[in-house]
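Student: After the structure tokens below, expect a handful of questions from me.
Read-outs: derived from the displayed coordinates by stated rules, not from any lab. Because the structure is a prediction, the values reported are computed rather than measured. A quick note on method: Cβ atoms are made from the backbone with ideal geometry, for glycine too, and the neighbour counts reach across all protein chains shown.
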There are 2 protein chains.
Amino acid sequence: MSETKILLTDHEIPTSWYNIQADMPNIPKPPLNPATKEPVGPEDLSAIFPPELIKQEVTQERWIEIPDEIQEIYRLWRPAPLYRARRLEKALDTPARIYFKYEGVSPAGSHKLNTAVPQAYFNREGGINRLTTETGAGQWGVALSQACSFFDMECKVYMVKVSYEQKPYRRSMMKVFGSNVVSSPSEETAAGRDALERYPDSPGSLGIAISEAVEVAAGREDTNYALGSVLNHVLLHQTIIGQEAKLQMAKAGHYPDVVIACCGGGSNFGGMAFPFVHDKLVNGSKVRLVATEPSACPTLTKGAFGYDYGDTAGLTPLLSMYTLGAGFMPPGIHSGGLRYHGDSPLVSQLYKDQIIEARGLGQNAIFKSAIMFARSEGIVPAPESAHAICGAVQEAIAAKEAGESRNILFNLSGHGHMDLPSYDAYLAGGLEDLELTDDILEEARNSLPKI
Amino acid sequence: MSETKILLTDHEIPTSWYNIQADMPNIPKPPLNPATKEPVGPEDLSAIFPPELIKQEVTQERWIEIPDEIQEIYRLWRPAPLYRARRLEKALDTPARIYFKYEGVSPAGSHKLNTAVPQAYFNREGGINRLTTETGAGQWGVALSQACSFFDMECKVYMVKVSYEQKPYRRSMMKVFGSNVVSSPSEETAAGRDALERYPDSPGSLGIAISEAVEVAAGREDTNYALGSVLNHVLLHQTIIGQEAKLQMAKAGHYPDVVIACCGGGSNFGGMAFPFVHDKLVNGSKVRLVATEPSACPTLTKGAFGYDYGDTAGLTPLLSMYTLGAGFMPPGIHSGGLRYHGDSPLVSQLYKDQIIEARGLGQNAIFKSAIMFARSEGIVPAPESAHAICGAVQEAIAAKEAGESRNILFNLSGHGHMDLPSYDAYLAGGLEDLELTDDILEEARNSLPKI
């Protein structure tokens, strides 16, 4: 019998990130300055990002070399293992082969550390010793805290108040790594004070937390801002996932027929899928790429394509993307990492050009798949990652119904050790399934700013 | 530069467990029936253990073959990686090489799954489809729940009430795997009802929870009982850790000068150390084996050697071991897994025969090491495992002071994702350091039952 785990040695970690801009038939339209509506230039971004990341945001070079110091840190957990999910195949009685890449071996618990490390590194190289960021459920905040700790940098995290109170373990983990974590809205910034004045009992929002983090970064010479998804350079860093997976599938002797990853802001999906998109665009591969998203926040499957703001207050540049409208308030589903109203411009453009597919999934379906996966393969997945499992299970059942073998690959982006209360809620009798109607597309379309 | 991770393939997982009874100069004296004080026979144990485990408890064969079905499950996470802790070495500025074996990659989060799987398997082979057990902090309960889920068996866990309330995440994880978890003392057993009648607000204890689990197992034909440490067969299963580590150290090209593991009931220490003890006893190796334990529960370092009960109520067989007295109530330290009053008879005998060493460590020292480790290597360790880190740090500092290179190997038995409130308590200003006086040995000696 072939191996259950397909491992790579330290020497097989890819030494470059893959930049899909080199191969896309259509590059996304550039971000626009929210005030002038003119394309954003590097100088607009230099108040909060270091030069190297600004360069990575716009370059069309295919391969970007990974500096040695980043590779050294990557080796703490990378290459991440690829598993053949034999026990899940058996439980599904499917002729399909199911493989998954496991990013939960990262000490931060998810794929987020793949970009947190280079972002901290390039900021430090740019003379910055302090980063600010926002975090919702806390996966990104934990990752950036670890990365800053590795490079002896300070880290300030504005954590959405409701999560600050509901996810105490992630908050603690940031503190283990020396970060200063505050509940947002805070009294420390004008944006925070303004929010509190208008609504003293505000539970906070990502929009407000972004405003606080950006305000501090823009106002201090020694401080920059870091974002965990959406932007081109973030997706670039994550392509290490898909590159490793390709090597591992080659060792397993099976090229995937379909590659599946969950999609919120797009960095997890892009990281896994882009190296395979390369094969499709350049090498004529027939591989299918499927982004799975919550049916309660169906950005790709039911959103509008156009320019929209990255935040609720309209302070960030306008991005060309699929969006549910910057004012869209997603229901309080248990996959906090997939509740973003927009999507990465790169992923959005590929979806618009019909190079990738997307699928919306309900909460009960994803938790059902998560429990089945945990009981067969052992790992308790993050609810976000369970969207990928659910997509893979659907493909495996389809393969069985079609009576054909099929090679399915999905990305298990993180473990669910800090999401167990969500499992309690599911096991206590099911969750609300929030299937949004098609009217939402109309609303999103009408909400887009006029360019 | 050599590898940061030393990995083994699925085909390199050891195919036998190592039984140290084959090589010990003195085998521990046999357990005694608590009523008759006569040696316990297989028939005494058959009410709660299956034949194969009873055989493994007493056999002196050196190698016990691991059945294929268990190996298949082991492959879900084994072989566990061995890491060179280069960044920790650098932080300590030590000439020593520090290696660690990481058992936290187990989906249950600790080494406990190594024995939970064979215990479930051999019970099922013996016609049993239901297991009961007790758990304190929950590591063992989670592991046995997973193992039962893998073999489609029922699992009933009596969880000490105070932990049931304070460790909700571990309780949730057991439920994800389909276990029935109840707060102990419960109304379901005579032992539980008796405890509640005497003390309605009882916070519970491992002693009461063991009594509940054993009572149910002894009273039902289809049900057996499983224990997570102390007994010979449990330590036998854990030797897979040390066997893998030996292979990996050979690949790294360095045989350890010292091997360190934390020690509560002894299964983690035995699992890591026994394959190296074999080298010392049989091959003339000079390797030192160091068991680290809390100075607040100093069983080996300050306990008495003799026959004592395994539980507080005196219902279990008498074991020949180091003990602080079955009535000893350890302070409420943050390493719940190391609060047992006794120790494995195998580990105790080796310590008495001066083949292994032991060292007591305080809470503040172990958390200081844990934070240093997390910030250099990324992984947040369980407080129990931090006792091994602290021992390794001490060895690395000693190597520096002596100006000599030294190969240090320790076992990181589990991650601390569900122990973060303990880190909060430490970071909030230190913990109480509970150094017990030498009087405790006198008290322990006086408390031993007369044989």
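Student: Can you give me the long-range amide H partners of B:Ala326? Hydrogens built in the peptide plane at 1.01 Å from N, cutoff under 5 Å, separation of 5 or more residues or another chain.
Tutor: For B:Ala326, the qualifying residues are B:Tyr309.
Student: Another question, then. Of B:Lys90/B:Lys167; B:Lys246/B:Lys368; A:Lys167/B:Lys161; A:Lys55/B:Lys101; A:Lys156/B:Lys90, which pairs sit farther than 32 Å apart, going by alpha carbon to alpha carbon?
Tutor: Over 32 Å Cα-Cα: B:Lys90/B:Lys167; A:Lys55/B:Lys101.
Student: Sort shortest first the distances from B:Lys251 to its counterpart in every other copy, using label points 7 Å along the Cα-to-beta-carbon line, and give them in nm.
Tutor: Distances between equivalent label points, in nm: 1.0.
Student: Which chain A residue hugs the A-B rotation axis most tightly by its Cβ, and what is that distance in angstrom, to the nearest whole number?
Tutor: Of all Cβ atoms in chain A, the one nearest the axis gives A:His417, 2.
Student: Got a sec? Charge dipole of the protein assembly as shown, +1 on Cβ for Lys and Arg, -1 for Asp and Glu; which of A:Gly204, B:Ser172, A:Leu92 is way out at the positive end?
Tutor: With unit charges placed on the Cβ atoms, the residue in question is A:Leu92.
Student: Kindly write out, for region A:335-346 in residue order, the coupling ³J(HN,Hα) from the Karplus curve 6.51 cos²θ - 1.76 cosθ + 1.60 (θ = phi - 60°), rounded to whole Hz, with x marking Gly and Pro.
Tutor: For region A:335-346, the Karplus curve yields 10, x, x, 10, 9, 7, 6, x, 7, 3, x, 5 Hz.
Student: Name the cysteines of chain B that stand alone by the Cβ rule: no other cysteine Cβ under 4.7 angstrom.
Tutor: Flagged as lacking a Cys partner: B:Cys262, B:Cys263, B:Cys297, B:Cys390.
Student: Considering every residue in A:37-46, what mean count of other chain Cβ atoms within 10 Å of its Cβ is obtained?
Tutor: Partner-chain Cβ atoms within 10 Å, mean over residues of A:37-46: 0.
Student: How large is the dipole of the protein assembly as shown about the Cα centre if only Lys and Arg carry +1 and Asp and Glu carry -1, each at its Cβ, rounded to the nearest 20 debye?
Tutor: Dipole of the protein assembly as shown, to the nearest 20 debye: 1140 debye.
Student: Charges at C-beta only: +1 for Lys and Arg, -1 for Asp and Glu. How large is the resulting dipole of region A:116-232 about its Cα centre, in Debye rounded to 20?
Tutor: 380 debye
Student: Going by how many other beta carbons lie within 10 Å of each one, how would you line up A:Lys55, A:Lys5, B:Lys450, fewest first?
Tutor: Going from sparsest to densest Cβ surroundings: B:Lys450, A:Lys55, A:Lys5.
Student: Across all directions of projection, what mean area in square nanometres is found for the Cα convex hull of the protein assembly as shown?
Tutor: The Cα convex hull of the protein assembly as shown, projected and averaged over all directions, gives 36.5 nm².
Student: I need the shape label for region A:321-383. Rule: rounded when a/c is under 1.5, else prolate if a/b > b/c, else oblate, with a, b, c from the alpha carbon gyration tensor.
Tutor: oblate
Student: Determine the relative contact order of chain B: mean sequence separation of Cα pairs under 8 Å and six or more apart, normalised by residue count, in whole percent.
Tutor: Worked out over chain B, it gives 19 percent.
Student: Let me check I've understood the local charge: for B:Glu401, count other residues with C-beta under 14 angstrom from its C-beta, Lys and Arg +1, Asp and Glu -1. What total comes out?
Tutor: -1
Student: Please compute, for peptide B:171-183, the average count of beta-carbon atoms on other protein chains lying within 10 Å of each residue's beta-carbon.
Tutor: The per-residue average across the peptide is 3.
Student: Say the dipole of region A:243-378 comes from +1 at the beta carbon of Lys and Arg and -1 at that of Asp and Glu; which of A:Val277, A:Met321, A:Val287 then lies farthest toward its positive end?
Tutor: Farthest along the dipole direction, towards plus: A:Val287.
Student: Once you place label points 7 Å from the Cα toward the Cβ at B:Val58 and B:Ser405, how far apart are they in nm?
Tutor: 5.0 nm
Student: Can you find, among A:Tyr83, A:Phe151, A:Thr36, the residue farthest towards the positive end of the dipole of region A:8-164? Put +1 on the C-beta of Lys and Arg, -1 on that of Asp and Glu.
Tutor: A:Tyr83
Student: Exposure proxy check: B:Phe269, A:Phe100 ranked by fewest other beta carbons within 10 Å?
Tutor: A:Phe100, B:Phe269
Student: What is the sum of charges around B:Asp438, taking Lys and Arg as +1, Asp and Glu as -1, for the other residues whose C-beta is under 13 Å from the C-beta of B:Asp438?
Tutor: Computed value for this residue: -2.
Student: Collect residues whose amide H, placed 1.01 Å from N in the peptide plane, falls under 5 Å from the amide H of A:Phe410; neighbours closer than 5 in sequence don't count.
Tutor: Under 5 Å from the amide H of A:Phe410: A:Tyr99, A:Phe100, A:Lys101, A:Ile260.
Student: Tell me whether chain A comes out rounded, prolate or oblate; compute the Cα gyration tensor, take square roots of the eigenvalues as a ≥ b ≥ c, and use a/c under 1.5 as the rounded threshold.
Tutor: In terms of gyration-tensor shape, rounded.
Student: Give the percent of DSSP beta bridges with both residues in the protein assembly as shown that are antiparallel, rounded to the nearest 5.
Tutor: The answer is about 35 percent antiparallel.
Student: Now a separate question. Apply the Karplus curve 6.51 cos²θ - 1.76 cosθ + 1.60, θ = phi - 60°, to the phi angles in region A:243-250 and return the couplings in whole Hz, x for Gly and Pro.
Tutor: 5, 4, 4, 4, 4, 5, 5, 5
Student: Distance between the C-alpha centers of region B:105-155 and region B:426-451? Whole Å please.
Tutor: Value for the Cα centre distance between the two parts: 31 Å.
Student: Assigning unit charges at the beta carbon (Lys, Arg +1; Asp, Glu -1) and nothing else, what dipole magnitude in debye, to the nearest 20, does chain A show about its Cα centre?
Tutor: It comes to approximately 1140 debye.
Student: In whole angstrom, note down how far apart the Cα centers of region A:214-247 and region B:276-301 are.
Tutor: First find each Cα centre; the distance between them is then 46 Å.
Student: Still on this structure: Restricted to Cα positions, what overall size does region A:75-188 have along the principal axes? Three whole-Å values, descending.
Tutor: 57, 34, 18
Student: If you don't mind, there's one more thing I want to ask. Would you calculate a helix-derived [θ] at 222 nm for chain B, using -39,500 (n - 2.57) for each DSSP H run of n ≥ 4 and dividing by the full residue count, to the nearest 500?
Tutor: About -12500 deg cm²/dmol.
Student: Ranking A:Lys29, A:Lys246 by Cβ neighbours within 10 Å, fewest first, what do you get?
Tutor: Ordered by Cβ neighbours within 10 Å, fewest first: A:Lys29, A:Lys246.
Student: Right, something else. How much of the DSSP bridge set in region A:229-377 is antiparallel, in percent, rounded to the nearest 5?
Tutor: Among the beta bridges of region A:229-377, antiparallel pairing accounts for roughly 40 percent.
Student: What list of ³J(HN,Hα) values in whole Hz, one per residue of region A:399-415 in order, does the Karplus curve 6.51 cos²θ - 1.76 cosθ + 1.60 (θ = phi - 60°) give from phi, with Gly and Pro shown as x?
Tutor: Result, rounded to whole Hz: 4, 5, 5, 7, x, 10, 6, 7, 9, 10, 10, 9, 9, 8, 6, x, 8.
Student: What does the structure give for B:262-268 when I average, per residue, the other chain Cβ atoms found within 10 Å of the residue Cβ?
Tutor: Mean shielding by partner chains, rounded to a whole number: 0.
Student: Given H placed on each backbone N at 1.01 Å, which residues far from A:Met418 in sequence or on other chains put an amide H within less than 5 Å of it?
Tutor: none
Student: Treating the point 7 Å from Cα along Cα-beta-carbon as the label, what are the nm separations from A:Arg193 to the other copies, to one decimal?
Tutor: Nearest to farthest, the other copies are at 6.6 nm.
Student: Still on this model: What net charge do the residues around A:Arg86 carry, taking every other residue with its C-beta under 12 Å from that of A:Arg86, with Lys and Arg at +1 and Asp and Glu at -1?
Tutor: Value of the local net charge: +1.
Student: For region A:198-241, rounded, prolate or oblate, judged on the Cα gyration tensor with a ≥ b ≥ c (square roots of eigenvalues), a/c < 1.5 rounded, else prolate if a/b > b/c?
Tutor: Oblate.
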